[in-house]
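The values are calculated or read from the model by the stated rules, or taken from the named source; none is laboratory data. The structure displayed is predicted, hence computed values, not measured ones. Cβ coordinates were reconstructed from backbone atoms using ideal geometry, including for glycine residues, and neighbour counts include every protein chain displayed.
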Amino acid sequence: METQSLTIRRPDDWHLHLRDGDMLAAVAPYSARQFARAIIMPNLVPPVTTVAAASAYRERIRAAAGPGFEPLMTCYLTDEASPGELERGHAEGVWVAAKLYPAGATTNSASGVTDIRNIAPALERMQRIGMPLLVHGEVTDPAIDIFDREAVFIDRVLTGVLRDFPALKVVFEHITTADAAQFVAGGPKRLAATITPQHLHLSRNAIFAGGLRPHAYCLPVLKRERHRLAVRAAAVSGSPKFFLGTDSAPHLRAAKESGCGCAGIFNAPHALESYLSVFEEEGALERFEAFVSSNGALFYGLPLNEGTIRLERAAVTVPEQLPAAGSTLVPFHAGETLGWRLA
Ligand code: DOR
Ligand code: ZN
C-alpha cells in the first residue's frame, strides 16, 4: 500500500537567505515552521563581516522566527577577511561557518573575494579551528559561458583549495551539475554539498517555457536535463555527503519581473513537500530522512535535533503569491498542486 504519512526527525535547512527588516519578518516563519535550524546566508547590504553584526542579525532573526528555531550564522568573506575575527566569532559560538562569494558571482556579492589567494590566511585559520568553508562555486570570468561556470570553478578554484588546505571542511553549495555531483561523491569525507529543490525539479527549459520566466531564475542558473538527473541521483543516493539546503532567496515580485530581474527562488513555504515529492518519484522515501534531518548535522558536527515532524499525503495547492513587506512574493511551485502536507 502507498505510504500515507511519514514521521521523521525535525529537519534543518543548511542554506537559507532570510534578508532583514520587513522581508525577514515576512519570510522567517515559513522556515521556522519546518526547520529546527538553518545556516543563514550573510549577503545583506552591507554584508555580515563582523561578529557584532552577525550577533545582532541573529537576534533579529530569533525575534522574527519565534521560539524553536535556531539561526546558525555565517561570516561573509571579503579580500580583507580577518583570521582573528573569524576565530573569535567561532569561539564565541556566533559563527558556524564562513561563506565564499566570488566577487560579482551573484546577488550582493560585490564585496566578495576577488582572488582566492587573498583569503589564504583566513582559510588557514578556519582549517585550524575546524570552521567549515561554504562556497558559491562559480567562476566570474565573463569569457566563461554562464552554464559552465560551476564546472570551471571545480578546476580553477575548488581543487586547489582542497589540495592547499588538506583538513578544511568544505560545503559546495547548491550544486547544479553532474560535474559537481561526481566531484563531491568522489572527494574526501570533508567535502559535502547542499542541493536545492529547484535544481531537483527544473532544467533550464523552465526559464524559457513559452516565454521568459523570471521566477525560475536563480544562481547558479538551472542546467540541462542530464545535470538535473545527476543532481537528483546524488540527492537520493543515500550518500551522507549530500543534504538539504533550500537556497530560498526571496525577492519581491517587482524585482523579479523586471528588465533586470533578480536571481533567487523563494521556495521556503513548501520546501519539505517539494523535496519529498522528488524522493517519492525516485522511489527513495526511506532515504528522505537522512537527507533532510541528519546528513547535514553530522557533517557540521552538530547534534541531531530532538523531536519529530509528520508529513501526510494530501493535495496542497501552492498560492500564486504571498504577502510580504507591503508587496508580494511568488513562491516556488506557485499554482501547482503538491502531493504532501506538513501536518
Ligand atoms: O539565486 C540566488 N539568489 N543565488 C544566490 O547565490 C544568491 C541568492 C540571493 O541572495 O538572492
Ligand atoms: Zn544562496
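For the subset of segment 211-254 comprising residues that are more than 16 Å from ligand 2 (Cβ to nearest atom) and of a type in the set (Ser, Thr, Tyr), which member is farthest from residue 44 (Cα to Cα)? In this case the residue turns out to be 237.
Residues of segment 327-340 that are under 19 Å from the mean Cα position of the chain (by Cα) and in a loop (DSSP other than H, G, I, E, B): 330, 332, 333. Looking at 290, 314, 284, 324, just one residue is within 16 Å of ligand 1 (Cβ to nearest atom) and either within 16 Å of the chain's Cα centre (by Cα) or at pLDDT 95 or above (or both), and that residue is 324.
The conditions of being surrounded by 24 or more Cβ atoms within 10 Å (Cβ to Cβ) and either on the phi < 0 side of the Ramachandran plot or not in a helix (DSSP H, G or I) (or both) are met by residue 271. Taking each residue of segment 135-154 that is more than 16 Å from residue 218 (Cβ to Cβ) and in a loop (DSSP other than H, G, I, E, B) and looking for partners that are away from ligand 2 (no atom under 16 Å from the Cβ) and hydrophobic (A, V, I, L, M, F, W, C) with beta-carbon atoms closer than 6 Å, six or more apart or interchain, yields 139/152; 144/152. The lone criterion from (1) within 18 Å of the chain's Cα centre (by Cα); (2) of a type outside the set (D, E, K, R); (3) at positive phi left unmet by residue 244 is number (3). Every condition in (1) within 20 Å of residue 106 (Cα to Cα); (2) part of a loop (DSSP other than H, G, I, E, B); (3) hydroxyl-bearing (Ser, Thr, Tyr) holds for residue 237 except the one numbered (1). Return yes or no: is residue 131 of a type in the set (A, V, I, L, M) and more than 16 Å from ligand 2 (Cβ to nearest atom)? Spelling it out, residue 131 is indeed of a type in the set (A, V, I, L, M) and more than 16 Å from ligand 2 (Cβ to nearest atom).
Note on segment 293-311: residues that are in a strand (DSSP E or B) and surrounded by fewer than 14 Cβ atoms within 10 Å (Cβ to Cβ) total 2.
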